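The values are calculated or read from the model by the stated rules, or taken from the named source; none is laboratory data. Because the structure is a prediction, the values reported are computed rather than measured. All Cβ positions, glycine included, derive from the backbone under ideal geometry; neighbour counts span all protein chains shown.
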Amino acid sequence: MRLPPFELIQPETVAEAVIALANGDGEARVIGGGTALVPMLRLGLLRPERVISLHRIARLGAISADDTGLHLGATVSIAALHRSPVARSRWPLVAEAAGRVATPAIRSTATVGGNLGYAEPASDLAPALLCLEADVELAGQDGRRSVPVTRFFTGFYETALGPGEIVTGVRLPAPPPGARSGYVKFCPRSAEDKPLIGVAALVDVDPANGRCRVARIGLGAAAPMAFRATRAEAVLRGEVLDDRVIRAAADAAAAEADPVSDLMGSAEYRRQMVRVWVRRLLTRLRDEPLRCAESARDERLDEGLQTRP
Amino acid sequence: MIAIEFRLNGGARRIDAPAHWTVLDLLRDGLGLTGTKDGCGEGVCGACTVLLDGEPVRACLVLAARLSGRSVLTIEGVGADAPDPLQDAFATLGAAQCGFCTPGMILAARALLSVNPAPTEHDVREALAGNLCRCTGYVKIVEAALAAAQHVTPCASPRSS
């Protein structure tokens, strides 16, 4: 079935894209990879007169890193993020989460900016970006601004994007040195599905006394939007991560979740799975300080890629 | 209409296509290449999988304009002269039943083997997770991909970034 007709605009600069969006009078939509927008067009959920593709804006496709952080342009694909050597070595949490998004043929196409702008409550990337305290960069007619990702998601598929604004990239500050992090995705149906619950966590334990200095927990699919489980984090901070503390944090995360019921599971079941998967992830991070088995396997694949001509 | 210049199965092509066409529309209706199947239209089933610069994509999700300057491989370009090891393995091991999912399976498997020439069964299952077979032939499909891996030398297909 064909998509309904639209005019396709392919600007070569962010400024041109912003103007095209403003000229659209609310009847224009921005497209990254199209994995979210194209099905919505096909289903008739959206009928824009103009579609503005960002893929010709060269600088939006770049991954760069320096001492202050990692920068991902809006059109960086989820696959490129997953195999980025610098992301894997210094921001392994976001590279790991990217590798859990859908399937290879979706990861190759879907983009970081599209993932943020779509604001899927069950996004795999969002919990990781929340834990890494990323800033989302926006451009609009009034100029550029940056919004902490903790304030970017505002509701069910809703974001802080104003009318006429475009996501141009995301900046991730360097995580605390020595911090352990991981992402778990619970899929009761099949592995490529959206998660019933996604949990990202980052903890930094003081080696001198074994107490948790930094604790961050990002939850996906546990509420109308991805969010930081701040009450659970408060339970961990300053404590030794023994089983009792981890259970208390998991209970706190379950209490602050605001899950919905859908075909994948009831709200009650989701809340229980928050408890289970927060506990399992924190236990894994405590017991497996270096890296999980899956990251090790991905590392091997990555090495294969690096040696290609 | 948008003028699109790209490489298709190794040869240069130039075609004018409506702006709202997807790669799937362009291949099937614009170029008559019906080996790429039109399944769900939502990026879920994998029947329309093609390789774009060596990476698997869903032809039903990608706008045709995105092909400009890039290289596409469809099932018509696989084994054009002699059967590809994957095609041989699928035929020999009975990994195709109705055949509708087979082009997508072959291309998804090819994408895997190009970056991981010695995959484990887990690697194959993960790479093919987005390709649905409604004849429930997954066991033989996975066996065929693993068998083909024994005969494939890693090809230097280009990969973006």
- Note on the structure: Scanning region A:172-205 for residues that are among the charged types (D, E, K, R) and at pLDDT below 95, the one surrounded by the most Cβ atoms within 10 Å (Cβ to Cβ) turns out to be A:Glu192
- Message: Looking only at region B:63-121, how many residues end up being within 13 Å of chain A (Cβ to nearest Cβ), under 26 Å from B:Pro18 (Cα atoms) and assigned to a loop (DSSP other than H, G, I, E, B)?
- Response: 3
- Query: Tell me, which residue of region A:88-111 that is more than 13 Å from the chain's Cα centre (by Cα) and within 12 Å of chain B (Cβ to nearest Cβ) is nearest to A:Ala17 (Cα to Cα)?
  - Reply: A:Thr109
- Task: Being in a loop (DSSP other than H, G, I, E, B) and farther than 24 Å from A:Lys194 by Cβ is the filter here, so list the residues in region A:221-262 that pass it.
- Result: A:Arg237, A:Gly238, A:Glu239, A:Leu241, A:Asp242
- Message: Just the residues that are hydrophobic (A, V, I, L, M, F, W, C) and either within 13 Å of chain B (Cβ to nearest Cβ) or touching a His at 6+ places or on another chain (Cβ under 6 Å) (or both), please, taken from region A:1-27.
- Response: A:Met1, A:Leu3, A:Phe6, A:Leu8, A:Ile9
- Task: Scan region A:57-92 for residues that are outside any strand (DSSP E or B) and surrounded by fewer than 18 Cβ atoms within 10 Å (Cβ to Cβ) and jot them down.
- Result: A:Ala58, A:Arg59, A:Ala62, A:Asp67, A:Thr68, A:Pro85, A:Val86, A:Ser89, A:Arg90
- Query: Does region A:148-162 contain any residue that is out of contact with any Gly (no Cβ under 9 Å at 6 or more places or on another chain) and modelled with pLDDT under 95?
  - Reply: no
- Task: State all residues of region A:186-213 that are in a strand (DSSP E or B) and either in contact with a Cys (Cβ under 8 Å, 6 or more places away or on another chain) or more than 24 Å from A:Asp135 (Cβ to Cβ) (or both); if no residue qualifies, say none.
- Result: A:Phe186, A:Ile197, A:Ala200, A:Ala201, A:Leu202, A:Val203, A:Asp204, A:Val205, A:Arg211, A:Cys212
- Among the listed residues A:Leu45, A:Leu116, A:Leu81, A:Leu72, which satisfies the condition of being within 10 Å of chain B (Cβ to nearest Cβ) and of a type outside the set (Lys, Arg)? A:Leu81
- Query: If we scan region A:104-121, do we find a residue that is among the acidic types (Asp, Glu), within 24 Å of A:Ile246 (Cβ to Cβ) and touching a strand residue (DSSP E or B) at 6+ places or on another chain (Cβ under 9 Å)?
  - Reply: no
- Would you mind stating whether A:Thr111 is β-branched (Val, Ile, Thr) and either closer than 21 Å to A:Val274 by Cα or free of Cβ contacts under 8 Å to residues at least 12 places away in the same chain (or both)? no
- Task: Can you tell me which residue among B:Ala96, B:Ala109 is touching a Phe, Trp or Tyr at 6+ places or on another chain (Cβ under 6 Å) and crowded, with 21+ Cβ neighbours inside 10 Å?
- Result: B:Ala96
- Query: Any idea which residue in region B:1-28 is surrounded by the most Cβ atoms within 10 Å (Cβ to Cβ), counting only those that are more than 9 Å from chain A (Cβ to nearest Cβ) and acidic (Asp, Glu)?
  - Reply: B:Glu5
